[in-house]
Amino acid sequence: MSDIRPIRIFDTTLRDGEQSPGCSMNIAEKLEIAQALADLKVDIVEAGFPIASPGDFEAVRQIAGAIRGVTICGLARANNEDIDRAAEALREAEQPRIHVFLATSAIHREFKLKMTQEECIARAVAGVKRAKGYVDDIEFSPEDAARTEIDFLCRVVEAAIAAGATTVNIPDTVGYATPAHYAGVIRSLIERVPNIDRAVVSVHCHDDLGLAVANSLAAVEVGAGQIECTINGIGERAGNCSLEEVVMALKTRQDYYKADTRVVTQRLVPTSRLVSNITGMQVQRNKAIVGRNAFAHEAGIHQDGFLKERTTYEIMRPEDVGFGKTDLVLGKHSGRAALADRARALGYHLESDQLVRVFEQFKLLADKKKELYDSDLAALIEQQIREVPEQWSFARYTSAAGTDEVPTVRLTLRRGEEEVSCEMARGDGPIDAMFLAVEQITGVEVRVRDFQVHSVSVGKDAQAEVTVEVEHRGNTFRGRGVSTDSLEASARAFLDAINRASAGYSSALATAAAHAAPSA
Ligand code: KIV
Ligand code: ZN
């Protein structure tokens, strides 16, 4: 028998991850991420919090109906209405799980719930029993467990398991724990709760002190069997335990942890890119595992050692986490089959019409840019597959700017067959002038809340990727544009956001409704 213990990966990108400010997603985007998580082979996908809003309910319902080969979980507070709604959303799931939670720490009992310990236990038991009436697979979380009195925590966990919980999750809700403290809590539960062998012990750590991964790993060392985490570590406040980091720590240090997951690690980078593109949350360059610099060697001594023997300075192989072995992929002589092949390797499933459009754009880009990198291709694909039904599209522009000149832009947009140009727009800078020009033509006025430019790949001819966040009638909309010309990329991003705003296609905080409703 293998001495390697299997650890379940419970991904909560679509629930806790979505609680990151500015990270809300629409249903189509959630479905795409859910499929990517199933392909990544996580064990459980927490698809949302069905009671939170009709949009959340619908997302969980559609994911439950469409995604196979993985457990689909819905969150519920320990009350009948939440649990019934979660059960309804999960009806079509192949393997449904209801996740019931109730705060247990003294602070939460006194100030939030106004409940005694006995009332808390009774509510938790009632919640688990009600959920058990719908499905067998029940997870119970005593919220703020890491700050809950240990004797009381043991009693709650024992009662939840006796009521039918098959997983007991121990959240460090506010990211307060340290590795030794958190491992101590888990060890105490394993040693003291008499029926603990009837449930999987799970960990759920927030990253307020930057310790979420360390705390989760410390818990695995003392017997935890499930880790809750998110792609790129997104989540409430400072985020959650990062899936890619915890998975690669277990794999790389299997000698030490004697544990592993079933995650297909080669899909980590594509999945990270997908989540970052959809949420607009950029991955920092030096982020472990999936950051662009994670495998880049700069110092001469390091490069020299690396070239002599890779393992002198590299503990993982980039290809094992999904970075292309050679990032330089295609040029203007490459054909459609090569492009489709590379897209598949990057984790995209393109329909044939999408492939045709991506290929056209690819040829145009290859004329402008000598070397095309994986990241260029991913940016092109993202632009094509995530288009909203376009009302306005970019046609062309001219601009004048200089140190002592007022920047001006003359822009032409397309709507169907028709082309519309604006008067000369003047702004504080060329980008301001460009945004004013877009507003003039479309007649939609918005407030820009965020504007970011990144280079997609390397070199002077690298493509610029611009993301903007705009506010329109109390809702927030995100847009994205890519071009080798950063002013054009800005126009495209702004236009994308405006098209979303006028279509009411809010992937962002239109979920204002969702967040006015309860959030975990
Ligand atoms: O952080 C937390 O306590 C949660 C629970 C709902 C599990 O997200
Ligand atoms: Zn959480």
With 0.36 nm assigned to each residue of separation and the Cα-Cα distance removed, residue 316 to residue 221 gains 32.1 nm
Note on the chain: contact order normalised by length, alpha-carbon pairs under 8 Å, 6 or more apart, percent, works out to 11 percent
At q = 0.08, 0.11, 0.15 1/Å the base-10 log of I(q)/I(0) from the Debye formula over the alpha-carbon atoms of the stretch 119-267 is -0.21, -0.40, -0.75
To the nearest 20 debye, the stretch 5-279 has a Cα-centred charge dipole, built from +1 on Lys and Arg Cβ and -1 on Asp and Glu Cβ, of 360 debye
Sorted by accessible surface (1.4 Å probe, heavy atoms of the protein chains only), largest first, 257, 182, 176, 313 come out as 176, 313, 257, 182
Within the stretch 1-78, DSSP-loop trypsin sites (Lys or Arg not before Pro) with at most 15 other C-beta atoms within 10 Å are 41, 68
For the table 41/251; 41/132; 251/287; 112/132; 332/460, the rows whose alpha-carbon distance is greater than 20 Å are 41/132; 112/132
Contact order relative to length for the stretch 90-218, counting C-alpha pairs under 8 Å separated by 6 or more residues, stands in percent at 23 percent
Simple SL model, points at 7 angstrom along Cα→Cβ for residue 118 and residue 282; separation in nm is 5.7 nm
Of the accessible area of the chain, computed with a 1.4 Å probe and all protein chains kept, carbon and sulfur make up a percent value of 49 percent
Taking Cα atoms only, helix 352-368 is inclined relative to the longest principal axis of the chain by an angle, in degrees rounded to 10, of 50 degrees
In whole angstrom, the spacing between the Cα centers of the stretch 183-257 and the stretch 330-395 equals 38 Å
Distribution output for the stretch 5-279: share of Cα-Cα pairs per 5 Å bin in percent, first bin at 0, values 1, 7, 14, 18, 21, 19, 13, 6, 2, 0
The alpha-carbon center of the stretch 259-279 and that of the stretch 462-485 are separated, in whole Å, by 24 Å
Dividing the alpha-carbon radius of gyration of the chain by 2.2 N^0.38 Å, where N counts its residues, gives 1.04
Calculated from DSSP helices alone, with each H run of at least 4 adding -39500 (n - 2.57) and the total divided by the residues of the chain, [θ]222 nm to the nearest 500 comes to -12000 deg cm²/dmol
In Å², rounded to a whole number, the accessible area per residue of the chain with probe 1.4 Å is 43 Å²
Around residue 160 (Cβ within 12 Å, Cβ-to-Cβ, excluding residue 160; K/R +1, D/E -1) the net charge comes to +3
With +1 on the Cβ of every Lys and Arg and -1 on the Cβ of every Asp and Glu, the dipole magnitude of the chain about its Cα centre, in debye rounded to the nearest 20, is 600 debye
GluC sites (Glu not before Pro) in the stretch 56-135 lying in a DSSP loop, each with at most 16 other Cβ atoms within 10 Å of its Cβ, come to 92, 94
Largest-first ranking of 403, 261 by accessible area, probe 1.4 Å, whole protein assembly kept, is 403, 261
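The values are calculated or read from the model by the stated rules, or taken from the named source; none is laboratory data. Quantities reported herein were computed from a predicted structural model and do not represent experimental measurements. For neighbour counting, all protein chains shown are included, and Cβ atoms are generated from backbone atoms with ideal geometry for every residue, glycine included. Surface accessibility is based on the protein's heavy atoms, side chains included, excluding ligands, DNA and RNA. Shrake-Rupley method; radii C 1.70, N 1.55, O 1.52, S 1.80 Å.
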